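Just below is one structure, and these are the notes that go with it.
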Amino acid sequence: MKHFLYSLIIFAITQLSFAQSKQLSERAEISVLTIGPGTLLNDSFGHSGFRVKDPIKGIDFVFNYGIYDFNTPHFYLKFAQGKLNYLCGMNYYEDFYNAYISQNRSIKEQILNLNASEKQKLFDFLQNNIKPANRRYLYDFFYDNCATKIKDVANIALNNTIEFHKPEDFKDASFRTLINNNLKANSWGSFGINVALGSVIDQQAPAEDHMFLPENIYRFFEVATVNNKPLVKDSRIIYTKIETPEATTFFTSPLFVFGILAIFILYITYKDKKTNKRSQWLDVILFSVTGIVGILLLLLWFATDHTGTHQNYNLLWAFAFNVFVVGQLVKTQPSVWFVKYLKLLVILLCLLTLHWIIGVQVFTIGLIPLLIALLVRYVYLISISRES
């Protein structure tokens with residue numbers, strides 16, 4: 001409550017100061033701040049914001065579009081559905097700076113090469129955007145986030161006169177590659193993202209769409225032009241991240257955990273083959289888990305507004321119908337059609353492999369041991385079903 005009242009007072013004071021000094025002086029500067037990645041998954045891609053500094057008027061504020069309101073009704077449900085509104089927020093620069101320094105995250109600044117009227121128009125736009133009636137926007141990870149807002153707002157304020165050029169080291173890449181470049185390949189964050197997102201993000205991203213990442217905002221702004229002049233007048237590094245040794249996490253990584261799980265599944269299958277039996281409990285668990293995961297992926301595809309969860313071929317191993325055939329696994333003699341169903345599951349795993357090889361969708365490496373174990377288990381179930 002105290003924090004809320006403090007924020008409210010600061011916001012009121014700031015609004016009052018704006019009302020008293022809306023006109024920027026000739027010494028005013030507007031710059032773009034680029035924050036480096038943090039340690040948490042939601043910080044892995046960095047952050048961006050506008051800094052408005054005017055020493056004559058005593059202004060030094062940061063406007064950014066990465067704020068969300070936890071008091072939003074049904075917050076987590078809306079987040080899962082892709083219907084959560086994010087907010088345009090404003091901070092004192094010193095508070096903004098100290099917050100990211102405390103997190104040991106790098107800060108870079110690009111001072112925009114704008115004339116007085118262009119600065120004023122951009123500042124006016126930002127002031128208007130933080131008003132309660134205007135500050136909300138529907139977040140989209142690829143097309144409408146804290147980074148893309150920097151590009152879009154700058155362009156709107158400058159009458160769409162900004163020309164973006166490819167940086168010298170630019171390389172064509174898919175959305176998935178751009179995401180994975182910011183994640184450790186064998187991490188749980190990477191695993192979850194690559195399972196949840198579909199093949200739509202495996203298409204090559206147009207050059208300007210690379211700017212959904214804050215670091216690419218920095219790179220593209222460095223070579224952009226406005227009215228035949230460089231968009232950025234000066235660049236500087238405000239804070240450099242202090243590198244610290246990273247803890248070894250392989251033994252808790254997806255590849256290791258699923259490797260151990262796969263070995264266990266293969267061992268039980270080997271024992272079953274030796275005794276010509278079937279461990280029903282294992283099959284019930286496997287079919288239930290893969291079926292439930294499949295249902296969740298279908299919901300992400302068809303029941304949400306997320307643009308990146310469509311056409312997800314993880315459904316080839318997380319087959320939603322598995323949860324509905326569990327009853328067959330507890331029978332002494334499954335129905336005749338069930339053998340055909342098992343063959344379908346084997347075919348689906350083969351199709352998944354084909355999709356991976358030809359590049360329709362790239363899957364997370366942490367899945368490899370599990371996919372091998374599932375294939376072996378399905379083949380064994382087919383063989384023992386035939387014998388019985």
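The values are calculated or read from the model by the stated rules, or taken from the named source; none is laboratory data. Since this is a predicted model, take the numbers as computed values, not measurements. Ideal geometry is used to build each Cβ from the backbone, glycine not excepted, and the neighbour counts take in all protein chains shown. Quick note on the areas: whole protein, heavy atoms, side chains included, nothing else; ligands and nucleic acids left out. Shrake-Rupley method; radii C 1.70, N 1.55, O 1.52, S 1.80 Å.
Ignoring any ligand, DNA or RNA, what whole percent of the accessible area of segment 272-334 comes from carbon and sulfur when the probe is 1.4 angstrom? Before the final figure, lay out the partial values.
Working: 2270 of 3340 Å².
Roughly 68 percent of what the probe reaches on segment 272-334 is carbon or sulfur.
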Which of the lysines could a cross-linker span from K22 if the Cα-Cα distance has to be under 16 Å and same-chain partners fewer than 8 positions apart are dropped? K53, K57, K119, K121, K131
Among I30, I107, I285, residue whose mean-square fluctuation peaks in a GNM of the chain (springs only between Cα atoms under 10 Å): I285
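With a Förster radius of 51 Å, plug the Cβ-Cβ distance of E26 and L138 into 1/(1 + (r/R0)^6) and report the FRET value to the nearest 0.05. Can you show the working numbers first?
On the way: r = 38 Å, r/R0 = 0.74.
Once rounded, the FRET efficiency stands at 0.85.
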Zone residues, segment 242-257, relative to N104, backbone N less than 15 Å from point 7 Å out along Cα-to-Cβ: 242-248
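Kirkwood Rh and Cα-based Rg: tell me the resulting Rg over Rh for segment 56-185, rounded to two decimals. Could you put the intermediate results ahead of the total?
Working: Rg = 16.9 Å, Rh = 17.3 Å.
Radius of gyration relative to Kirkwood radius: 0.98.
Please state the charge dipole magnitude for segment 242-330, taken about the Cα centre, from unit charges on C-beta atoms (+1 on K and R, -1 on D and E), reported in debye and rounded to the nearest 20.
Details: 5 positive and 5 negative charges, 140 e Å.
Rounded to the nearest 20 debye, it is 680 debye.
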Reach of K83 by Cα under 15 Å, taken over aspartates and glutamates that are not fewer than 8 positions away in the same chain: D69, D140, D144, D305
Quick one: the Cα spread of segment 192-281 along its three principal axes, in angstroms, biggest first? 78, 36, 15
Could you work out how far apart the two model spin labels at V289 and W188 are, taking each label as a point 7 Å from the Cα in the direction of the beta carbon, and quote it in nm? 1.4
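As an exercise, use a Förster radius of 25 Å and the Cβ-Cβ distance of L344 and L41 to find the FRET efficiency, rounded to the nearest 0.05. Write out the running numbers ahead of the final one.
Numbers: r = 35 Å, r/R0 = 1.40.
Once rounded, the FRET efficiency stands at 0.10.
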Part-to-part distance (alpha-carbon centres) for segment 342-387 and segment 114-168, which is given in Å: 47
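Under the classification rounded if a/c is under 1.5, otherwise prolate if a/b is larger than b/c and oblate if not, where does segment 17-70 fall, given a ≥ b ≥ c as square roots of the Cα gyration tensor eigenvalues? Walk me through the intermediate numbers first.
Working: a/c = 4.28, a/b = 2.15, b/c = 1.99.
It is prolate, given that a/c is not under 1.5 and a/b is the larger ratio.
Could you tell me which chymotrypsin sites (Phe, Trp or Tyr not before Pro) in segment 46-104 are loop residues by DSSP with no more than 16 other beta carbons within 10 angstrom of their beta carbon?
F70
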Extreme residue, positive dipole direction of segment 130-194, given options C146, A185, N160 (C-beta unit charges): C146
Low-density loop positions, GluC sites (Glu not before Pro), segment 199-270 - DSSP coil, at most 16 other Cβ in 10 Å: E243, E246
